[in-house]
Amino acid sequence: MKKVKVLIIAAIMIALGNQLNAQSKNDVKNLNYDRGYTFDVELSCSLPTLWEFSTSHGYSFGNGLYVGGGAGFYAEYVPDYKATPTLYTPAFADVKYNFCNTLVSPFVSLQAGVDIDVSNVGVGIHVNPAVGLDISRFSINFGYDMRYGVWKHGKGIDSHYFKIGVGVTIL
């Protein structure tokens, strides 16, 4: 009877081991390693004055590299709370690289593009290099946001922010 129990337990362990091994080889743990179209939504904040909502659409090559473009909306609040916020609509190129195909994966990213200032009628450029961590379909990043704007009523103004963002991959 003992030999039968040992054989049954051994058979179950072998079957479970093969099942777990098959899942780890075939299942993609990080969505950025899925080849194809990807859609991300992000909410970010540059303390204390800038709040941004953006989306990015692009192609993931299946090896951790993502290339796409995006657009969004952000508001910049000045320290004088009596003033109205400045409203922008950015359009940008987005490049991201995940280092490993695991549930938790570090990444680097770069966004660069233009900002259309709808409040003061002007155009600016921005660059945002960032580092972050993808946890399944969710991500958190920390970056340095550099912006330079030119408006019809004055000279160019540059601004520098540390930015933190949280996002979710939809597809």
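For this structure, a couple of remarks:
- Residues located in region 105-129, provided they are within 23 Å of the chain's Cα centre (by Cα) and farther than 21 Å from Asn141 by Cα: Ile116, Gly124
- For Pro79: the one exception among (1) farther than 23 Å from Asn141 by Cα; (2) modelled with pLDDT of 90 or more; (3) not polar (S, T, N, Q): (2)
- Breaking point among (1) of a type in the set (Asp, Glu); (2) modelled with pLDDT of 90 or more; (3) exposed (fewer than 14 other Cβ atoms within 10 Å of the Cβ), for Asp94: (3)
- Hits in region 114-131 - residues which are within 24 Å of Asn32 (Cα to Cα) and open to solvent by less than 20 Å² (accessible area, probe 1.4 Å): Asn128, Ala130
- The condition of being among the β-branched types (Val, Ile, Thr), out of contact with any Pro (no Cβ under 7 Å at 6 or more places or on another chain) and over 20 Å from Phe53 (Cβ atoms) holds for only one of Val108, Val127, that being Val108.
The values are calculated or read from the model by the stated rules, or taken from the named source; none is laboratory data. Since the model is a prediction, treat every value here as computed from it, not as a measurement. In this analysis, Cβ positions are derived from the backbone assuming ideal geometry, glycine residues included, and neighbour counts consider all displayed protein chains. Calculation scope for accessible area: heavy atoms of the full protein, side chains included, ligands and nucleic acids excluded. Shrake-Rupley method; radii C 1.70, N 1.55, O 1.52, S 1.80 Å.
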